[in-house]
Amino acid sequence: MWAFDLALGGDAGQVTDFEEGAEEFDWGPDGERLVVAARDPTEAERAYLDDREEGGPVETERLQHKLDGVGYTDTVRTYLHVVDAATGAAERLDDAHGGGAFQELSGLQPDWGAGDRIAFTSCREERPDDTLVRDVFTIAPDGSGLRKLTDSELSANAPAWSPDGDRLAFLAGDPVNWCIPTQVYLYEDGEYASLTAGLDRTVARGGEPVWADAETVYCLFGDEARTRPMRVTADLDAAVGSGGGADHAAERVFEAQGDGRAMGALDLSADGERAAFVLSHPSEGRDVYGLDAADLVDAAEEPASLTRLSAVNAELTESYPMPEARRVEWDSDGTSVSGVVYHDPDVDLADGDHPLVVAVHGGPVSYDEPEFSFAHAALTSRGYVVLQPNYRGGSSYGREFAEALRGQWGTHEVTDIANGVASMVERGWADDERVFGYGFSYGGIAQGFLVTQEPELFAAAAPEHGIYDLRSAYGTDDSHVWMGNEYGLPWENPEAIDASSAITEAGNIETPLLVAAGGNDWRCPPGQSEQLYVAARKQGVDARLVLYEDEHHDIGTPDRAIHRLEELTAWYARHDPAVDDPAAADPHDREAE
């Protein structure tokens, strides 16, 4: 960990020197100490790590033996350390250590309050690798007085002390059913309760509780395919009395955000008078903005205090046409389903039939909303219209909507996406012979179901980093706890698991497939993509496999992101009946070069 002197300027100075590096930190209230999370191997563990660096074998007895982005796990504990900011001297807090199946990804999330206690999260269950339970703990800076605040019935994270350090807000979801909305909780005087149980909306991914004052917490929620701030009154008695009911639900604020842009982060100044947040707009970019905190609540139209503080992609957005976006809805078996449509600003959707790309979000407990995206711009600038369907099984529309796919993948989302395509065609916005698809993670999984159940829907599809055989994925991915929670064990519920595996219907594949995978993807292992690819090729279906050997469940570098977009656009052109010379659009075609 390094620190800058913001008053004097100059170069950063190194503060800590942990053997395994620092992972997380928070300043103490005096500004002279920090709490830092760092791994601390024993001598035997150090010897094993050294051997691994020299090419030694993986040796493990952990149930959670691998994690995406981490690799093979080990037994080294992560501890909190109190560090002198001036000298770097560190004292380990022996009772403040991590634990749990996803510890290496979640971290301890330390927060040092004004009451001089440090909050953090950990799992201390008997089988920590076999549960998603995570509890909130507090400890004194001298390592004494460890307290467990929650009762091992939640998956808790993001603790945040109130300004006076007497109360603690945190987020928590259900450790078994992730369709139950993540809620804002408050701990005070030995009790805790949800402040938002009656809202039936989930905290947005990346959302954290932010204290505005002693009585008010802000947090980002997913609300009908919008990431928007909500204002929550931090009143434990009212929450307990109402059971977190609707009369105590969060208040929707910042109406000036509108429907056409997404909020990606939120924070408040120390005095609570200014708000800083990230706004993502399809044509303007993704940037940091400032606002008077009072206008978060009161402004129905864009207030004068709203100030854009960055213009990260100004050169791009000012030089090229960025997409316009609009929200759409359609009926799907009696359910109203929504989506977002992107198109070039010079394209009149009603002019005629356009090539359509269906971009399916991952999760599935997630959602899409109008936002800035290089992929959208790359496609719309080439004449494509992009549809992002918010199918059943996603979040932001409440628990019932999210649970539609629980334990029955390959059902409602297929219907909703196919009906979304039909709606685009009926509106005259899309040519039904020029419909293409892509999707990453669960978006790739959904593509697998679409090409096996609706083989005539797409002219070409691109399932990316997906799972197509749940039975063989078990134990080779890092998600056995999630899978067990939703489906049970493969040997206990084989029928449902096979029914939710697209590979069992691979004989129906007719759609040309561009199958992509990450060689080090432990969330959706590359063998899954190889199975789908071989199944298509074995039947003579045109297919292409792209394997990024050193990538995880992501496309992590700009050159790889560009390569991915080149692959997608070339694949679509190759199978577009309206393209006379698809080879000219293929960056890998040697004759075209």
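The values are calculated or read from the model by the stated rules, or taken from the named source; none is laboratory data. Values in this document were obtained by computation on a predicted structure and should not be read as measured data. As a convention, Cβ positions derive from the backbone with ideal geometry for all residues, glycine included, and neighbour counts pool all protein chains shown.
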- Query: Which is farther than 21 Å from residue 116 by Cβ, touching a residue at least 12 places away in the same chain (Cβ under 8 Å), outside any loop (DSSP other than H, G, I, E, B) and touching an Asp or Glu at 6+ places or on another chain (Cβ under 9 Å), of 63, 49?
  - Reply: 49
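Table: residues versus (1) outside the structural domain of residue 131 (by TED's automatic domain parsing); (2) farther than 24 Å from residue 568 by Cα; (3) touching a helix residue (DSSP H, G or I) at 6+ places or on another chain (Cβ under 7 Å).
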| residue | (1), (2), (3) |
| --- | --- |
| 478 | yes, yes, no |
| 481 | yes, yes, yes |
| 488 | yes, yes, no |
| 518 | yes, no, yes |
| 523 | yes, no, no |
| 534 | yes, no, no |
| 537 | yes, no, no |
| 541 | yes, no, no |
- Failed criterion for residue 417 (all others in (1) of a type in the set (A, V, I, L, M, F, W, C); (2) under 27 Å from the mean Cα position of the chain (by Cα); (3) part of a loop (DSSP other than H, G, I, E, B) hold): (3)
- Query: Which residue, of 536, 561, is at pLDDT 95 or above, assigned to a helix (DSSP H, G or I) and farther than 25 Å from residue 72 by Cα?
  - Reply: 536
- Query: In the stretch 464-498, what residues are closer than 19 Å to residue 71 by Cα and not in a helix (DSSP H, G or I)?
  - Reply: 465, 466, 467, 474, 475, 476, 477, 478, 479
- Message: Pairs please, first residue from the stretch 543-557 and more than 21 Å from residue 105 (Cα to Cα), second anywhere and at pLDDT below 90 and surrounded by 19 or more Cβ atoms within 10 Å (Cβ to Cβ), Cβ atoms under 8 Å, 6+ apart in sequence or on different chains.
- Response: 548/555
- Are any residues in the stretch 65-86 among the hydrophobic types (A, V, I, L, M, F, W, C) and within 21 Å of residue 36 (Cβ to Cβ), and if so, which ones? 70, 76, 80, 82, 83, 85, 86
- Note on the structure: Expected output for the stretch 378-399 (first residue aromatic (Phe, Trp, Tyr), partner assigned to a helix (DSSP H, G or I), Cβ below 8 Å, 6+ apart or cross-chain) is 384/572; 391/412; 391/413; 391/416; 391/417; 391/420; 391/446
- State all residues of the stretch 48-89 that are loosely packed, with under 12 Cβ neighbours inside 10 Å and over 30 Å from residue 30 (Cα atoms); if no residue qualifies, say none. 50, 53, 54, 55, 57, 59, 61
- Say whether the condition of being in a helix (DSSP H, G or I) and under 22 Å from the mean Cα position of the chain (by Cα) is met by at least one residue in the stretch 85-103. yes
- Message: If I ask for residues that are assigned to a loop (DSSP other than H, G, I, E, B) and either within 28 Å of residue 480 (Cα to Cα) or touching a Lys or Arg at 6+ places or on another chain (Cβ under 8 Å) (or both), which ones from the stretch 169-196 would you list?
- Response: 174, 175, 176, 177, 178, 179, 180, 181, 182
- Number of the exception - residue 16 against (1) out of contact with any His (no Cβ under 7 Å at 6 or more places or on another chain); (2) among the hydroxyl-bearing types (Ser, Thr, Tyr); (3) under 27 Å from residue 474 (Cβ atoms): (3)
- Item | Test result for residue 114, of a type in the set (A, V, I, L, M) and surrounded by fewer than 16 Cβ atoms within 10 Å (Cβ to Cβ) | yes
- Message: surrounded by fewer than 20 Cβ atoms within 10 Å (Cβ to Cβ), touching a strand residue (DSSP E or B) at 6+ places or on another chain (Cβ under 9 Å), assigned by TED's automatic domain parsing to the domain that holds residue 29 and in contact (Cβ under 8 Å) with a residue 40 or more places away in the chain: is that true of residue 98 in this structure?
- Response: no
- Item | Which listed residue, of 509, 503, 497, is free of Cβ contacts under 8 Å to residues at least 40 places away in the same chain and either among the β-branched types (Val, Ile, Thr) or within 22 Å of residue 451 (Cβ to Cβ) (or both) | 497
